[in-house]
Amino acid sequence: MTPPPLVVAYHGLGQVPHALDPSGLMVPEESFRRQVRRLRRRGYRFVTQSELARRLAAGEPVDGLCSLTFDDAPQDNATVLLALLDELEVPATVYACPGLLGQPWPFIDPRTQIRLCDEAELRRVAAHPRVEIGSHTRHHTELDAFGLDAAREELVESRRELEELLDIEVRSFAYPSCGYSADCPQAAREAGYTSAVTCGPRGARNLPYEMARASPSPPDGPLTFELKSRGLFFGARDLPPVRLARRALRPLRWR
Ligand SMILES: [Zn+2]
């Protein structure tokens, strides 16, 4: 049976101790490899976010399609990610904040010294044939409290800045911290995007401007990854049998 469409949300790829990355934003390269191979075995074919959105809008079948997405554009996206996309022969969509280029990544411990891609690095990412660049607002602005006009301005301006900087067309958007108000989906459509993605328990697979994503994090073992990528994680994680199973499988978890 062909699996339903899937969007996966990552940030950076690499090894960082949990104490320095409590939100689990850095996924080890080997975990990423295994996850992509696992999805391929389940029958997924990989497309960019804008291609997934195009097919959805055209009424074409989207079952069996998977879009791999990366938020924030930390600096490894210009090196590790590009090499892995070539190795695994998959495309990806990278959501960048044009107002934060080259700055320290605010969501990880400063001791890691991980910063966001600077302008030259983001150009390199954008020039890679397997990569689509999307917007993540100018300054990682969370849009939860934004009305239509304010959200539209942030969506339009961040898109314009990226398009001018990189000389590309930007069609895809990711809500920072996955937050958005009721006006944001309409604002994203009016700003010219073809999709906007969220994560966590919000959104749905077939809503183009509130598209749900699965978010793997470093300690996820095969069971957690399966639940997340099948859209079952938020419903299942609190069921007693799942808690027991996760505890039992903990020694087998990928690192
Ligand atoms: Zn982000």
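Results, tabulated for the structure shown:
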{"quantity": "Potential extension, Ala182-Arg40 segment - 0.36 nm per residue separation minus Cα distance", "calculated": "47.6 nm"}
{"quantity": "Compactness relative to 2.2 N^0.38 Å, alpha carbon Rg of the chain", "calculated": "0.96"}
{"quantity": "Enclosed volume per residue, in Å³, of the convex hull spanned by Cα atoms of the range 42-179", "calculated": "128"}
{"quantity": "CD proxy at 222 nm, helix term only [per DSSP H run n ≥ 4: -39500 (n - 2.57); per residue of the chain; nearest 500]", "calculated": "-10000 deg cm²/dmol"}
{"quantity": "Considering only the chain, percent of DSSP beta bridges that pair antiparallel, nearest 5", "calculated": "5"}
{"quantity": "Amide H contacts of Asp71 (H built 1.01 Å from N, under 5 Å, at least 5 apart or other chain)", "calculated": "Tyr10, His11, Tyr95"}
{"quantity": "Longest to shortest principal axis, alpha-carbon extents of the range 98-238, angstrom", "calculated": "45, 37, 30"}
{"quantity": "Residue range of the chain that is longest and free of GluC sites (Glu not before Pro) which are both DSSP loop and sparsely packed (at most 15 other C-beta within 10 Å)", "calculated": "1-88"}
{"quantity": "Label-reachable residues, the range 212-232, where backbone N falls under 13 Å from a point 7 Å from His18's Cα toward its Cβ", "calculated": "217-221"}
{"quantity": "Chain lengthening between Asn206 and Glu164 when straightened (0.36 nm per residue, less Cα-Cα)", "calculated": "12.1 nm"}
{"quantity": "Length-normalised contact order of the chain in % [C-alpha pairs under 8 Å, at least 6 apart]", "calculated": "19"}
{"quantity": "Cα-based Kirkwood hydrodynamic radius, the range 6-92, one decimal, Å", "calculated": "13.8"}
{"quantity": "Inter-label distance for Met1 and His139, nm, one decimal - labels placed 7 Å from Cα along Cα-to-Cβ", "calculated": "4.8"}
{"quantity": "Note, ³J(HN,Hα) from phi for the range 185-192, Karplus 6.51, -1.76, 1.60, rounded to Hz, x at Gly and Pro", "calculated": "x, 5, 4, 5, 5, 5, 7, x"}
{"quantity": "Spacing of the two label points (7 Å from each Cα toward its C-beta) at Ala150 and Ala57, in nm", "calculated": "2.8"}
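Readers should treat all values here as calculations from the given coordinates under stated rules, not as data from a laboratory. Not measured: the values here are computed from a predicted model. No Cβ is skipped: glycine too gets one built from the backbone with ideal geometry, and neighbour counts run over all protein chains shown.
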